[in-house]
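Before any comments, here is the structure.
The values are calculated or read from the model by the stated rules, or taken from the named source; none is laboratory data. Fair warning: this is a prediction, and the values are worked out from it, not measured in the lab. Cβ sites come from the backbone with ideal geometry, for glycine too, and all protein chains shown count toward neighbours. In case anyone asks, the SASA skips ligands and DNA or RNA and just uses the protein heavy atoms, side chains included. Shrake-Rupley method; radii C 1.70, N 1.55, O 1.52, S 1.80 Å.
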Amino acid sequence: MNKDLLLELINALTILPGVGKKSAQRMALYLLDKNKDGARILANTLADAVDNIQRCSSCRMLTSNEVCSVCDDNSRDDLSICVVENPSDVLAIESTGGYRGKYFVLMGRLSPIDGIGPEDIGIDDLLKLIESKSVKEIILATSSTVEGDATAIYIKDHVKTAKVSRISYGIPIGGELEYVDGTTIARAIEGRIEVNVD
Amino acid sequence: MSQSNSDECFLLHQRSYGETSLIIDVFTKKDGKISLIAKGAKKPKSKFFGYLVPFHKLSINYSGRSELKTLTNIDRNLMHSKSTFNKTSYSLLYVNELLIKLLPKNAQQEDLFLLYEKLLSDINLNENLELTLRRFELDMLDTMGYGFDYEYDINNNEPIDVDSSYRFVSERGFRKSKNATFLGKDIINLKNRNLKDVPLKELKEITKKAITFCLDGNDLASRKIFKAMKK
């Protein structure tokens, strides 16, 4: 018996997060029926990406080259490294355009209960990178959870030669205090900064 | 109709479930360790957002009949607690890992709950960290039924002699042994929790052995991280 490609395609699409059987069915029918060219481009790009995208040898960001475009950019500051948990964090910071240094992607965070230790998130690579490039500043942009905090303190404890800072937490822009949760307010007060009018 | 429960608890661990939800393991006062699903908790607008933090006493409501219950409400008292993470917090992560691995599900452990609460407040008051942890470990072993015999030699049932030296046998207690460094008076101090007078190295070794035994010989991941921190 021939296998049914349509069913196979629908099943294959359900591996995407947030896509159930119904959505997968709609996507498959759209691709096959309404937009065959788009489907071909999608298929080729996907196959190409799966074969060629790997971790950047310097910062562990996903890239199709040996080093990613950020690490390759000579106009960026080599001496400052922003440490993040996931590739999506790099994209989030890049979209602000406010940071001109380089990155290091941990691909996770320390979590003893889940059995994730320092060796699983490439901290040795990070320390080597800091040493080999004599990096001056480390900006820790791990998430604001216990695991994120544990990761930040662990890194701070192991970096001896560079200045280590952590991104600040606090009230979101446009936010009113009344609607912000207690821990955030407490941390925002702890991390207050002097008002500078210049 | 599913019943609604209210309880006090401490968050031990959380993991992602789907895109926006979390499954949390909490240590409750009335029901011991239970797992709850916090639906939508990762969304910034969720009523749980920002509340699901470990090391703070939380008041919760939950409902459901299956093993995985649903968290319906959460509140907490933030007074008198520090919100920043520091090196001490690693020790608390260690204790949480210990409780996750040792506590049976859905079994009331109110004494242990009170011990845990005291541990957190002692640590907030900056008591000696090492001794506070060791005391918690010993008390925990006792309340969970893994405690050992402090009064008699396990070999011949003779009372512990203050001046003789003893060797620790995990899961059971102490046995007289000529070359051992642990003395009878240390055992008495251990029993009375005068931990200041017990040699620190031996104290650590005993609790570590006893806990490793309870974990069927498995090591704890947080211990490995500690070791790396101390280097």
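Which strands (runs of 3 or more DSSP E) does segment B:1-75 wholly contain that include 2 or more residues that are within 22 Å of A:Asp181 (Cα to Cα), open to solvent by less than 60 Å² (accessible area, probe 1.4 Å) and within 13 Å of chain A (Cβ to nearest Cβ)?
Values: elements: B:4-17, B:21-28, B:32-38, B:57-63.
Result: B:4-17, B:21-28.
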Notebook entry, point to check: Are any residues in segment B:178-220 within 14 Å of chain A (Cβ to nearest Cβ), closer than 30 Å to A:Lys160 by Cα and open to solvent by 20 Å² or more (accessible area, probe 1.4 Å), and if so, which ones?
Noted result: B:Asp219
Notebook entry, point to check: So which residues in segment B:5-19 are acidic (Asp, Glu) and out of contact with any Phe, Trp or Tyr (no Cβ under 9 Å at 6 or more places or on another chain)?
Noted result: B:Glu19
Check: Looking only at segment B:98-114, which residues are under 23 Å from B:Lys208 (Cβ atoms) and open to solvent by 40 Å² or more (accessible area, probe 1.4 Å)?
Finding: B:Lys101, B:Pro104, B:Asp111
Note to self: I'd like to verify a number: residues in segment A:87-100 that are open to solvent by less than 60 Å² (accessible area, probe 1.4 Å) and in a loop (DSSP other than H, G, I, E, B), how many?
What the structure shows: 2
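Here is a list: A:Ala39, A:Ala47. Which entry is among the small types (Gly, Ala, Ser), more than 14 Å from chain B (Cβ to nearest Cβ) and surrounded by 12 or more Cβ atoms within 10 Å (Cβ to Cβ)?
On the way: A:Ala47 fails: surrounded by 12 or more Cβ atoms within 10 Å (Cβ to Cβ).
After applying the criteria, what remains is A:Ala39.
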Note to self: Contact list please: Cβ distance under 7 Å, first residue in segment B:156-170 and without any contact (Cβ under 8 Å) to a residue 40 or more places away in the chain, second residue assigned to a loop (DSSP other than H, G, I, E, B) and open to solvent by 30 Å² or more (accessible area, probe 1.4 Å), pairs at least six apart or on different chains.
What the structure shows: B:Ser165/B:Lys178; B:Ser165/B:Thr181; B:Val169/B:Ile154
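Looking only at residues in segment A:135-188 that are assigned to a strand (DSSP E or B) and not hydroxyl-bearing (Ser, Thr, Tyr), which one is surrounded by the most Cβ atoms within 10 Å (Cβ to Cβ)? Give the steps one after another, and end with the answer.
Residues of segment A:135-188 assigned to a strand (DSSP E or B): A:137-140, A:163-166.
Still in the running and not hydroxyl-bearing (Ser, Thr, Tyr): A:137-140, A:163-164, A:166.
Numbers: A:Glu137: 15, A:Ile138: 23, A:Ile139: 19, A:Leu140: 20, A:Lys163: 11, A:Val164: 18, A:Arg166: 19.
So the residue we want is A:Ile138.
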Item checked: Single condition B:Glu171 does not satisfy, out of (1) within 14 Å of another protein chain (Cβ to nearest Cβ); (2) on the phi > 0 side of the Ramachandran plot; (3) of a type outside the set (A, V, I, L, M) -> (1)
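From the list B:Tyr166, B:Tyr94, pick out the single residue that is within 14 Å of another protein chain (Cβ to nearest Cβ) and either at negative phi or hydrophobic (A, V, I, L, M, F, W, C) (or both).
Details: B:Tyr166 fails: within 14 Å of another protein chain (Cβ to nearest Cβ).
Testing whether each residue is within 14 Å of another protein chain (Cβ to nearest Cβ) and either at negative phi or hydrophobic (A, V, I, L, M, F, W, C) (or both) leaves just B:Tyr94.
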